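Structure record follows, encoded as structure tokens.
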Amino acid sequence: MNAQAPRLKLAWKVPLVVAGLMVVVAVGISKTVLERLDHTQARHVEQLTGAYLDGLSTALQPALLRRDAWEAFDALDRARRLYSGVRTLDVLAILPDGNVLAAADPLAHPVLSVAPAEATPPPRAPLPLEAADGRAWIHREMSDDGVKIGRIAALIDVSAYLAERREAQAALIVFNAMLTLALAGLGYFFVRKMLAPATLLSSAFAAAIDGAPKSIAPSRLPPPETEGGRLLREYNRMVGALAERETLRKRLAEEERAALLGKLASSLAHEVNNPLGGMFNALAMIRRHGDDPGKREGAAALIERGLASIRDIVRASLVQWRSGEVGRALTRTDLDDLRFLAQAETRARGLQLDWRGEIDGEQIPVSAQSVRQVALNLVLNACAAAPPGGAVAVRAHAENLRLVLSVADSGPGLPESQRARLLNPSDEAPGGGLGLWTVARLVRAARGTVEIHDAATGGTCVRTIFPFASGENVDARTAA
């Protein structure tokens, strides 16, 4: 591609435009002045030569009538001394037949010699003041009672008029050139002065490309009552507002970071605390029935799975702060652990637990960690909502490439604030407990849905649906 030619700055464009306009104006003015001078000179020469020819024709008329050469020479000599204002180079008194009767230079034009061709008057021709050699012929026809008796042809010097015209032309050129330069200089000065605020503002914006914009020093600001002064002061106010906004943004970012860290910490603490109850129960069983190998191995396995669950919670939290969530597929063991944890909670509160896990096959392609967290949070909330002696029902089954998990209680019903927290999850920290907020967040992350119905036991039934995930989102291998 061809590089674009550099553009002239406005500080140069305006003076050049002014200079161009002045040249056009100067040409027009000069042409008018010179035409007027030509007209004046021509009228002056015509008046002067007309008086000269009038006087000369009066003196030569008798000589031409009598064809007296000596009388004609005498008249020419007297006219030269009398009309010194007309600078004649040659004068001819010519007879009607074209022969010279007398001449101011008799050696060049002898008596009765043929008059030169240039002494013949052209028809209706104006006085040629623009002659290159500075000479011009003037003519006068002479007659007596209508009879042509001859004519006068005089060669005059008009170089003085040409010199005057050249001087006037040179003066016009010099004056117009000086005026053009002066106006162009004034235009450049005033345009630079007018553009100084814009130039200063442009420099300030250019400097802001590599960093934060900086205010213009007050000493460089024009008076506040000028347009440039108001413009630059508004720029300084804008820079100040941007600086305040940037400070506020950094402060809000720090506060948001602290809030996110707090939310993450509270969420981790809440999720880690859930399996701890079952693990403490298993530990108590080991202490009471440690001599029974079956119970001891079952409790140890439960503690091991609880620790694995805590590990998965921490790992899932780390993954959540990266791009995407990965994990293992849900197994029967995961549901069995949840049933054991739920039984420990329902027994402690005197509740009846109805648990049905209808899963075909060993694995389901949904995130085990997400389902475990959702189920455990819903069961703990249902246990907290059910009255003493009440019931909690859990159902889990697969249909149409989805895992459907529902938890019902016999409590007074789910408050509207908690319903909103489940149905309209937000990224903001919850105003109440973290359990339902965690459920909503995990279901939304799994692209699932949450439904809330009235339970047959009189309380609330929360139904969560997890679509089967593809291989890149859920590891179908059973965790070791």
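Between residue 420 and residue 114, full extension at 0.36 nm per residue minus the direct alpha carbon distance yields a gain of 97.1 nm. A compact globular protein would have a Cα radius of gyration near 2.2 N^0.38 Å; the ratio found for segment 341-461 is 1.04. Between the amide H of residue 413 and those of 460, distances stay under 5 Å, these residues lying 5 or more places away or on another chain, with hydrogens modeled in the peptide plane.
In terms of Cα atoms, the Rg and Dmax of segment 382-427 work out to 13.3, 37 Å. Amide H to amide H, with H built 1.01 Å from N, residue 68 comes under 5 Å of no residue 5 or more places away or on another chain. Whole-Hz Karplus values for segment 334-345 come out as 4, 5, 5, 4, 5, 5, 5, 5, 5, 5, 4, 6 Hz, taken residue by residue from phi with 6.51 cos²θ - 1.76 cosθ + 1.60 and θ = phi - 60°; glycine and proline positions read x.
Annotation: amide H-H contacts under 5 Å for residue 101 (H modelled 1.01 Å from N, sequence separation of 5 or more, or interchain): 93, 94, 95, 112. Share of carbon and sulfur in the accessible area of segment 147-192 stands at 73%, probe radius 1.4 Å. Along Cα→Cβ, 7 Å out, is where each label goes; now give me the distance between the ones at residue 193 and residue 397 in nm to one decimal. Calculated label separation equals 9.3 nm. Distance between the 7 Å Cα→Cβ label points at residue 272 and residue 220: 5.6 nm.
In order along segment 166-173, the Karplus-derived 3J(HN,Hα) couplings, from 6.51 cos²θ - 1.76 cosθ + 1.60 at θ = phi - 60°, round to 5, 5, 5, 5, 5, 5, 5, 5 Hz, and Gly and Pro are given as x. Listed values for segment 409-417 are Karplus-derived 3J(HN,Hα) couplings in whole Hz (6.51 cos²θ - 1.76 cosθ + 1.60, θ = phi - 60°), namely 9, 10, x, x, x, 7, x, 4, 5, and x replaces Gly and Pro. On the beta carbon distance between residue 178 and residue 81, with R0 = 51 Å, the FRET formula returns roughly 0.65. For residue 145, the solvent-accessible surface with a 1.4 Å probe is about 150 Å², rounded to the nearest 10. Taking label points 7 Å from Cα along the Cα-to-Cβ direction, residue 159 and residue 304 give a separation of 13.2 nm. Fully extending the segment from residue 336 to residue 288 would add 15.1 nm, taking 0.36 nm per residue of separation and subtracting the current Cα-Cα distance. If you take the square roots of the eigenvalues of the alpha-carbon gyration tensor of segment 177-251 and sort them as a ≥ b ≥ c, do you get rounded (a/c under 1.5), prolate (a/b over b/c) or oblate? Cα axes put segment 177-251 in the prolate bin. Summing charges over neighbours of residue 462, with a neighbour being any other residue whose Cβ is under 12 Å away from its Cβ, gives +1 when K and R count +1 and D and E count -1. Shown is the FRET efficiency for residue 234 and residue 171, computed with R0 = 56 Å from the Cβ-Cβ distance and rounded to the nearest 0.05: 0.65. Net charge dipole, segment 171-233: roughly 100 debye, given to the nearest 20, about the Cα centre with Cβ charges of +1 for Lys and Arg and -1 for Asp and Glu.
A Förster radius of 35 Å, combined with the Cβ-Cβ distance separating residue 66 from residue 135, puts the computed FRET efficiency at roughly 0.65.
Maximal additional length on extending the residue 51-residue 35 stretch stands at 3.3 nm, based on 0.36 nm per residue less the C-alpha distance. Dividing the mean sequence gap of close Cα pairs (under 8 Å, 6+ apart) by how many residues segment 326-394 holds gives a relative contact order of 49 percent.
The values are calculated or read from the model by the stated rules, or taken from the named source; none is laboratory data. Because the structure is predicted, anything quoted here is derived from the model rather than measured. Backbone-built Cβ (ideal geometry, glycine too); neighbour counts: all protein chains shown. Ligands, DNA and RNA are excluded from the accessible area calculation, which covers all protein heavy atoms including side chains. Shrake-Rupley method; radii C 1.70, N 1.55, O 1.52, S 1.80 Å.
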